[in-house]
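Before any comments, here is the structure.
The values are calculated or read from the model by the stated rules, or taken from the named source; none is laboratory data. Just so we're clear, the structure is a prediction, and the values are computed from it rather than from any experiment. In this analysis, Cβ positions are derived from the backbone assuming ideal geometry, glycine residues included, and neighbour counts consider all displayed protein chains. Accessible surface areas use protein heavy atoms only, side chains included; no ligands, DNA or RNA. Shrake-Rupley method; radii C 1.70, N 1.55, O 1.52, S 1.80 Å.
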Amino acid sequence: MTGRVQGATPRIRIAFALFALNAFVTLPWALANWGASPAGILILGGWLALAALMVPIARGQLAGQFFWAGLAAILILSRLAAHGLVDGAATTGDPEIYEKIARSLIAGEGLVFHDPLTGVDFRAMYPPLYPLLIAGLGSAFGLGAGTYLGLNIAIDLGSAVLVAAIGARLGSAPAGRAAAWLFAIWPAFIMSTPFAQKESLVLLEVLGLVLVLLRMEKGRLAAWWEGAAFGALWASLMLTQPGLAVLPALLGLFLLPAAGWRALFRLGLVAAPFALLLMLPWWVRNYQLLGSFVPLTTTSGIGLWIGNNPDATGGWVPMPASYQGMPEVEMSRRAGREAVQWIGAHPLDFIKLTLFKLFKAMGIEQFNLARLNLLRPVPADAVFAAYFPVLQGSLLAVLAGTALLLQRVWALARGQRLILVLLACAVQILVFSLPFEFGERHRYFLMPFLFLAVAAGFASRENAKEAGP
């Protein structure tokens, strides 16, 4: 199996080299759209200087309490600075919708969103965990950018710790710390923090799942608390981002040769009741309200239609006027049927659209700028010209770094496992994500593992062979 995984590594490197090339060749179009200013070049230069610190970190030269204090400081201060971009502005899109759902919960009206475009009260289209979380916080602190900022900072601090722990489990604590540093300063994550957005929570859940799986070893049975954690995290992921519902199973399948079937079988056996216990209230509630079993959300058919229709781009498009007032379960089923019919009638267009979505999502970092563009009032053009260079430049650097340095992952004591995680993420994207609505935010769950791959490339052979905890 090791030989097969090692043989797959060059193919992964070629894929990321193509993504990096695409990120470079799209620059003229993106620059024409967003611009680049001298301030933007200075910000990019500052970020590259901060990113360069990962080299001594990966080589074990910066560690201890000083490192963690510095990481916490840069993570918090950078996100506080991002708050200034949205302070006093009204949001639209998903952040506005999640806030409206939270306000509905606080008002005692339940988890519901009234869509003015279709005239439908959606009760199971949006996954419940994130709006429940912000509703709880909103009851105590009020709903607004400050609450979302504080929550996202806390989540990101937890994710940075988990990234470092994963690096240690892979065989290099310094490489894990270097990847955590990249996570802390990643511009796209920084600019997301003032918004009511679930992506930060999704990252935390995925990282937790991977860390539990990496603890599994041949000849060792999973502890009950590991199974409980895995089941709770899997259910939480399904209740936060249903599109990643099969990712934990894929991760387990790909890590099976490294962890052993006994350890993973015991883990799954213990995890199942905890996952079912957390999912059961959502299933019962949906059946009572909608008269139908909704295992995840009613988004699946609609998401498939958004990703596959004559006007599809990978991003959100408005529903047809003929869907006006249609019950959400019926709407989702009809949208799914129409998407399948379109795919069957236009197979070549489907292939071209799928490839377009893949390279667009992997090769450009403009989601946060598009989100800023939806604010009311819209920020000045100078804001977009100042931040586009660092968003696109950081993506290009990590894509190119992954292509150049991935081979060195094998210097880690358990480097094979990182390759297996990347392969599982690739199958998730190609098979279970791309056919639906797919944009930049839908590949954010992959980014921490690219940070680990790049960091491992700079780790010295001495500390790369450190045993994880």
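Taken per residue, the accessible surface of segment 345-469 reaches 36 Å², heavy atoms only and a 1.4 Å probe. For the pair ALA154 and LEU18, a Förster radius of 25 Å applied to the C-beta separation gives a FRET efficiency near 0.10, rounded to the nearest 0.05. For a straight C-alpha distance cut-off of 29 angstrom, the lysines reachable from LYS100 (same-chain residues fewer than eight places away being disregarded) are LYS198.
Under the combined filter of DSSP loop state and at most 10 neighbouring Cβ atoms within 10 Å, segment 292-373 retains these chymotrypsin sites (Phe, Trp or Tyr not before Pro): PHE293. Enclosing the Cα atoms of segment 231-309 in their convex hull gives a volume equal to 99 cubic angstrom per residue.
Amide H to amide H, with H built 1.01 Å from N, VAL120 comes under 5 Å of ASP115, GLY325, counting only residues 5 or more places away or on other chains. Modelled label positions at TYR287 and ALA81, each set 7 Å beyond Cα in the direction of Cβ, lie 5.3 nm from each other.
For LYS218, the lysines whose Cα falls under 27 Å of its own Cα, not counting residues fewer than eight places away in the same chain, are LYS465. Ligands, DNA and RNA aside, HIS83 has an accessible area near 40 Å² when probed at 1.4 Å. How many percent of the accessible area of the chain is carbon or sulfur, using a 1.4 Å probe? Taking all protein chains in place, the chain shows 68 percent carbon and sulfur surface. Placing dummy labels 7 Å off each Cα toward the beta-carbon, the span from TRP225 to GLN65 is 2.5 nm. Pairwise Cα separations in segment 203-261 fall into 10 Å bins from 0 onward with the following percentages, short to long: 24, 56, 19, 1. Straight-line cross-link partners of LYS357 among the aspartates and glutamates, defined as a Cα under 14 Å from its Cα and at least 8 positions apart when in the same chain: ASP311, ASP349, GLU365, GLU437, GLU440. With θ taken as phi - 60° and the Karplus curve 6.51 cos²θ - 1.76 cosθ + 1.60 applied, the whole-hertz 3J(HN,Hα) list for segment 403-416 is 4, 7, 10, 4, 4, 6, 4, 5, 6, 5, 4, 10, x, 4 Hz, x standing for glycine and proline.
With all projection directions averaged, the alpha carbon convex hull of segment 286-418 covers 13.5 nm². If I take R0 = 45 Å and measure r between the Cβ atoms of ASP121 and LYS218 in this structure, what FRET efficiency does the formula 1/(1 + (r/R0)^6) give, to the nearest 0.05? Working from the Cβ atoms, E equals 0.30.
What segment 1-152 shows is 50 Å² of accessible area per residue, with the surface traced by a 1.4 Å probe over protein heavy atoms. Remark: the Cα gyration tensor places the chain in the rounded category, a/c being less than 1.5.
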